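The numbers here are math on the coordinates, done by the rules we state, and not lab data. None of the values given here were measured: they were computed from a predicted structure. Neighbour counts run over all protein chains shown; Cβ positions are idealised from the backbone, glycine included.
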Amino acid sequence: MNTVLAGVREFLKHQVAVGNAPAALLGMLYEVADDRDLPVEVRGEASGPRYYARARHQAAVPDAPVDRASDDEVVALLRACRTARDRLIVLLMARAGLRRGEAVGLRREDIHFVVDARHLGCSVPGSHLHVVRRDNGSGAWAKSRRSRVVPVDFLVVQAFDQYAVERARCAEAALSDMVLVNLAPGRSTGEARRGQ
C-alpha cells in the first residue's frame with residue numbers, strides 16, 4: 001500500500017512541477033522540514049539548513065505472523081519425496097527459508113557447507129549458502145536484489161550430501177553449475193544443464 005501512496009505522491013509532485021496542479025497541493029502531501037533535526041553525519045557539507053520533504057501519509061503495515069508450514073506438514077512433505085533432490089528442495093525452503101526461485105537459482109559456487117570457507121575465498125564462518133540474484137537462464141530469480149548469506153543446519157547439509165551422491169550418478173549433471181538439476185532418466189544434457 002505504501003508503494004501505491006508513493007506513486008500517487010510522485011505523480012502529483014510532477015503535476016505541480018509542470019503546472020497542472022496548484023503548488024499548495026505539495027503542502028498537503030509533504031511535511032517540509034530542515035536538516036537540523038538530522039544527525040550531523042547525514043547533514044552534508046553545505047552550510048546552513050537545507051530543506052527536505054517528508055511524506056505526511058503512510059499506510060499502517062499490519063504486524064501479521066508469517067504463515068509457515070508446521071513441523072508435521074514438513075515431515076509429511078519429506079515422507080512424500082521420492083528422491084534426495086526433492087528432500088533437499090523441501091529442506092532448503094523449510095529450514096533455510098529460501099523462496100522457490102532462490103532455491104532453483106542456486107549454483108554450486110553458492111554452497112559453502114564447511115566449517116571454514118576461507119579456502120573458498122569466503123570469510124563467513126560455519127555452514128552457509130549465498131543467495132545471489134542473477135540471470136540463470138531458467139527464469140528462476142531471487143526476489144531481493146541484495147545478495148545475502150543464509151546459515152544452514154545439519155539437516156540441510158545432510159540432505160545436500162545425499163543429493164550429491166544421487167547427482168554424481170548422472171553424467172550430464174556434471175556439466176551443470178546449477179545445484180538442482182533434473183536427474184530423471186531420459187533427460188538430455190541441455191535439460192540437466194538448465195536444471196529442469
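Some values worked out for this structure:
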read-out	value
Note, ³J(HN,Hα) from phi for the range 111-128, Karplus 6.51, -1.76, 1.60, rounded to Hz, x at Gly and Pro	8, 10, 8, 9, 5, 10, 9, 4, 5, 8, x, 10, 8, 6, x, x, 5, 7
Under Karplus coefficients 6.51, -1.76 and 1.60, residue-wise ³J(HN,Hα) of the range 163-178 in Hz, glycine/proline x	5, 4, 5, 5, 5, 5, 6, 9, 4, 5, 5, 5, 7, 9, 8, 6
Burial order of peptide ranges 70-78, 162-170, 91-99 (average beta-carbon count within 10 Å, highest first)	91-99, 162-170, 70-78
Spin-label pair Glu10/Val150, simplified geometry with 7 Å Cα→Cβ offset, distance in nm	2.9
Contour excess over end-to-end distance, with Cα ends at Thr3 and Asp177 and 0.36 nm allotted per residue	59.0 nm
Listed residues Val74, Ile89, Leu106: farthest to the positive end of the dipole of the range 74-115 (Cβ charges)	Val74
Amide hydrogen neighbours beyond the local backbone of Arg107, cut-off 5 Å, H modeled	Val179
Contour excess over end-to-end distance, with Cα ends at Arg108 and Val75 and 0.36 nm allotted per residue	9.3 nm
